[in-house]
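Enquirer: Here it is: the structure, laid out below.
The values are calculated or read from the model by the stated rules, or taken from the named source; none is laboratory data. Note that this is a predicted model, so its numbers are computed, not measured. Cβ placement follows ideal geometry from the backbone for every residue including glycine, while neighbour counts extend to all protein chains displayed. Just the protein is used for accessible areas: all its heavy atoms, side chains included, with ligands, DNA and RNA removed. Shrake-Rupley method; radii C 1.70, N 1.55, O 1.52, S 1.80 Å.
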Amino acid sequence: MEALGIDIGGSGIKGATVDTSAGELTRERLRIPTPEPSTPAAVAAVVRQIIEHFSWTGPVGLTFPGVVLDGVIRTAANVDRSWIGVKGEELFGSGVALLNDADAAGVAEVAFGAGRGRSGAVLVLTFGTGIGSALFADGRLVPNTEFGHVEIRGKEAEHRASDHVREKHELSWEKWAEHVQEYLLHMRDLLWPSLIVIGGGVSKKADKFLPLIDLGDTPVVPAVLLNEAGIIGAAMAAVTREH
């Protein structure tokens, strides 16, 4: 089954057609910078642009960097605040599946990537503009976790350990890895997952920091699908909605 997945992020909006039975992109992805300000109308215009680029008329799945409950956006930490309260169907049309961006990435990683076949609790964390989280219990998603906002030393974790923080403060990989390690230890002590998967934009540079991370018996691995996971997960959600 083929569907169009579109991943709305704080810095870029990416889309591609996906073979949802194989978890693979079927055409080269298109990335457009997230408009500033990232208002619903401005982002919806980019989404339409991506749909038109692929001349797409089939199922569409969209990710959003915030909590999505029953198709309504409840939080907007890294995009314009005017998103809060927006109904996805009214903005994007009734046929579009809308879900949290980290949940989408996690769904793809558990189906086709690093979390495939793992039992127990699996925690997928996406490091980018913020820190997204997706928690799975024996393969089933616990939707809309917001573990990027847990407090570490009086500050939200994503204000200490996101990839954006690394770039903004020009942290060395070693220094940034210390921040990530402290955060991951905190999450391990809360959830005791059987596996932690690191995704998001920084996952393609995992070799620069993951060797510096040590959680003892809890394995920490890079995402297999890298930055395509959100697109694939969005497309999977679109197909699920169709059936």
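Enquirer: Using a simple spin-label model with points 7 Å from Cα along the Cα→Cβ vector, what separation in nm is obtained for Val142 and Ser55?
Expert: Output for this residue pair reads 4.6 nm.
Enquirer: Using the heavy atoms of the protein chains and a 1.4 angstrom probe, tell me the accessible area per residue for the range 41-159 in square angstrom.
Expert: 43
Enquirer: If I build a Gaussian network model for the chain, linking alpha-carbon pairs within less than 10 angstrom, which residue out of Ile13, Ile196, Ile152 has the largest mean-square fluctuation?
Expert: Maximum fluctuation in the GNM of the chain, among the listed residues, is at Ile152.
Enquirer: While we're here: Can you pull out the GluC sites (Glu not before Pro) in the range 139-243 whose DSSP state is coil and whose Cβ has at most 12 other Cβ atoms within 10 Å?
Expert: Passing sites in the range 139-243 are Glu170.
Enquirer: Counting DSSP beta bridges in the chain, what percent are antiparallel, to the nearest 5?
Expert: In the chain, DSSP labels about 60 percent of beta bridges as antiparallel.
Enquirer: Which value at 222 nm does the chain reach when only helices count, each DSSP H run of 4 or more adding -39,500 (n - 2.57), with the total divided by all residues and rounded to the nearest 500 deg cm²/dmol?
Expert: So the helix-based figure for the chain works out to -9000 deg cm²/dmol.
Enquirer: Now a separate question. Relative contact order, percent, of the range 187-227 when contacts are C-alpha pairs under 8 Å separated by at least 6 residues?
Expert: Relative CO of the range 187-227 lands at 55 percent.
Enquirer: For Cα pairs less than 8 Å apart in space and 6+ apart in sequence, what is the mean separation divided by the residue count of the range 85-243, i.e. the relative contact order in percent?
Expert: Contact order relative to length: 30 percent.
Enquirer: On to the next question. Can you work out the Karplus-derived ³J(HN,Hα) for every residue in the range 119-129? Use 6.51 cos²θ - 1.76 cosθ + 1.60 with θ = phi - 60°, whole Hz, and x for glycine or proline.
Expert: 9, x, 8, 10, 10, 9, 10, 10, 9, x, 4
Enquirer: Val220: net charge of surrounding residues, Cβ under 10 Å, Lys/Arg +1, Asp/Glu -1, itself excluded?
Expert: 0
Enquirer: Taking the square root of 5 times each eigenvalue of the Cα gyration tensor, what semi-axes in Å does the equivalent ellipsoid of the chain have, largest first?
Expert: Semi-axes (√(5λ), whole Å): 28, 20, 16.
Enquirer: Can you give me the P(r) profile for the range 178-222? Cα pairs, bins 5 angstrom wide beginning at 0, each as a whole percent.
Expert: 5, 22, 36, 25, 10, 2
Enquirer: Taking the C-alpha atoms of the range 130-184, how large are the radius of gyration and the largest Cα-Cα span, Dmax, in Å?
Expert: 12.6, 38
Enquirer: For the range 182-189, just list the computed ³J(HN,Hα) in residue order, Karplus coefficients 6.51, -1.76 and 1.60, θ = phi - 60°, integers in Hz, with x standing in for Gly and Pro.
Expert: 4, 5, 5, 4, 4, 5, 4, 5
Enquirer: Considering only DSSP beta bridges where both residues belong to the range 1-104, give the percentage that are antiparallel (nearest 5).
Expert: About 65 percent, rounded to the nearest 5.
Enquirer: Here's something else I'd like to know. Pop the C-beta distance of His186 and Thr240 into the FRET formula with R0 = 30 Å and round what comes out to the nearest 0.05.
Expert: 0.40
Enquirer: Can you give the relative contact order of the range 162-233 as a percent, counting alpha carbon pairs under 8 Å and 6+ residues apart?
Expert: 35 percent.
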